[in-house]
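The values are calculated or read from the model by the stated rules, or taken from the named source; none is laboratory data. Bear in mind the structure is a predicted one, so any value in this text is a computation, not a measurement. Counting neighbours? That spans all protein chains shown, and the Cβs are built from the backbone with ideal geometry, glycine included. Quick note on the areas: whole protein, heavy atoms, side chains included, nothing else; ligands and nucleic acids left out. Shrake-Rupley method; radii C 1.70, N 1.55, O 1.52, S 1.80 Å.
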Amino acid sequence: MAADKKIPYKIYLEEQEIPKQWYNVRADMKHKPAPLLNPGTLQPMTFEELSGVFCEELVRQELNDTDAYIDIPEEIQQFYKMYRPAPLVRAYCLEEKLQTPAKIYYKFEGNNTSGSHKLNSAIAQAYYAKKQGLKGVTTETGAGQWGTALSMACSYFDLDCKVYMVKVSYEQKPFRREVMRTYGADVTPSPSETTAVGRKILQEHPGTTGSLGCAISEAVEAATTREGYRYVLGSVLNQVLLHQSIIGLETKAALDKYGIVPDMIIGCAGGGSNLGGLIAPFMGEVLRGEKNYRFIAVEPASCPSFTRGKFLYDFCDTGMVCPLAKMYTLGSNFIPSASHAGGLRYHGMSSTLSQLYADGYMEARSVEQTSVFAAAEQFARVEGILPAPESSHAIRVAIDEAMKCKETGEEKTIVFGLTGTGYFDMVAYEKFHNGEMNDYIPTDEDLQQGFDRIPRFAGNE
Ligand SMILES: *Cc1c(COP(=O)(O)O)cnc(C)c1O
């Protein structure tokens, strides 16, 4: 214990220790993630096809399976300096409270107005859009974190930002909406009358409160029918994992500084971007045969892509307009029950993480909502941060692992990603405190309905 005390509460990095390049884990993977397919031809999406929807440089990053390191442009490094490096915190108070011999560290990404790690990729995507000379970008947002991050990034680079926000969130989360508008974004509740797909959905389902899949379809239409606009996405894609590698690179630099070697690295998994970014450089060491770590992805039991999904090509959106991605999926029409961890309610998973999981490099665990909020509260009371419900999935498993160490007496080193703060999620906390939160877990029959809609073709059965 005494020797340990030399490790400060927060490990910061010096100027010269700050990463200047992102790390692309695909370069070190023997089995590369499967390419995106054109749903019409079932052929890999080409650069030309993808650049009609996405910014050119981002398409290059999406398709780049070979370069391990990619320079972070100077302008993005400059922006990162406003809120990075994020601290790596030794959870001394939590360890003390749990009376565990485990050593717990967390990387805190909630240190900016968007309240989550999503700004790391939003600023990169806005930068490349600006560099291409575009007028603006469109996107969707569910819970609102991604829309907020992108609004901040666009205002910094003076880009127009159109956000399609799932109607139910638009109405229930007016504060998130106002933060976006503060940064100048144009926020439209989805489905809307502003797109053909929105009008069609409204005609077929009058009074619908919308879904993420529908908002994606509207945002893609809004981008592809406007001169000078492209669509951007906040998770799942390879390019987003690449930008989020800044989380893992900083974490590794901080740990290396004190000679700390983690036994396990834990993160919550929605579309997989924060987890993919956190583990990237460590996974690289494993893939190159240099080290060995346990990696644990944590997902809600209500949306169990890794633990109960199928590893198949599927649509990325409910509207079935986006390319097919090979990933662990619950089916593009799967609508999870009203779990409060909005950012973890996606039916699919990053194809990079999916391949690593299929190849046995990663474990996955699903946890129930009430146990997640119990962990969130336990953490908030001793560590001085009110965690986001999404992040609290990782806290749950970190605490579980620390308690195992207490039983066995093992002094394991646990690192987990604390992706954000939960100040806009107080309705969920309220439900938890009032005992009104339930733990709905989909039955096999429920999941089968989603699996039935996965497109089947030769090699995808
Ligand atoms: C969006 C979000 C997540 C999940 O997204 P990933 O792409 O899986 O990282 C987790 N935590 C917070 C706070 C989020 O906003």
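What to note about this one:
- Approximating the spin labels as points 7 Å out from Cα along Cα→Cβ, the D186-to-K131 distance works out to 2.6 nm.
- Which listed pairs, of K20/K404; K404/K431; K130/K326, have C-alpha distances above 32 Å, in listed order: K20/K404
- Between A27 and E74, the simple spin-label model (points 7 angstrom out along Cα→Cβ) gives 2.2 nm.
- The Cα-based radius of gyration of the stretch 43-129, divided by its Kirkwood radius, gives an Rg/Rh of 1.15.
- For D160, residues with placed amide H under 5 Å, excluding near neighbours: G136, V137
- Ignoring lysines fewer than eight residues from K6 along the same chain, the ones with Cα atoms less than 22 angstrom from its Cα are K97, K103, K107, K252, K257, K412.
- Of the peptides 264-272, 35-43, 422-430, the ranking by mean beta-carbon count within 10 Å, highest at the top, reads 264-272, 422-430, 35-43.
- Once the Cβ-Cβ distance of K200 and R456 is raised to the sixth power relative to R0 = 22 Å, the FRET efficiency obtained is 0.30.
- Assigned charges on the beta-carbon of Lys, Arg, Asp, Glu; the stretch 231-302 dipole about Cα centre (debye): 60
- For the chain, with +1 on Lys and Arg beta carbons and -1 on Asp and Glu, the positive-most of A375, N333, M29 along the dipole: A375
- The phi torsions of the stretch 252-263, fed into the Karplus equation with coefficients 6.51, -1.76 and 1.60 and a -60° offset, translate into couplings of 5, 4, 5, 5, 4, 4, 10, x, 8, 10, x, 8 Hz, rounded to whole numbers, with Gly and Pro shown as x.
- Using every pair of distinct Cα positions in the stretch 320-382, the Kirkwood expression returns a hydrodynamic radius of 14.1 angstrom.
- With the whole protein complex present, H31 retains an accessible surface near 110 Å², based on a 1.4 Å probe.
- For the chain, a simple Cβ point-charge model (Lys and Arg +1, Asp and Glu -1, everything else neutral) yields a dipole of about 440 debye relative to the Cα centre.
- Dividing the Cα radius of gyration of the chain by 2.2 N^0.38 Å, with N the residue count, gives 0.92.
- Residues Y128, Y69 ordered from highest to lowest accessible area at a 1.4 Å probe: Y69, Y128.
- Helix 145-157 and the longest principal axis of the Cα set of the chain meet at an angle near 80°.
- Fraction of alpha-carbon pairs over 25 Å apart in the stretch 258-367 - percent: 22
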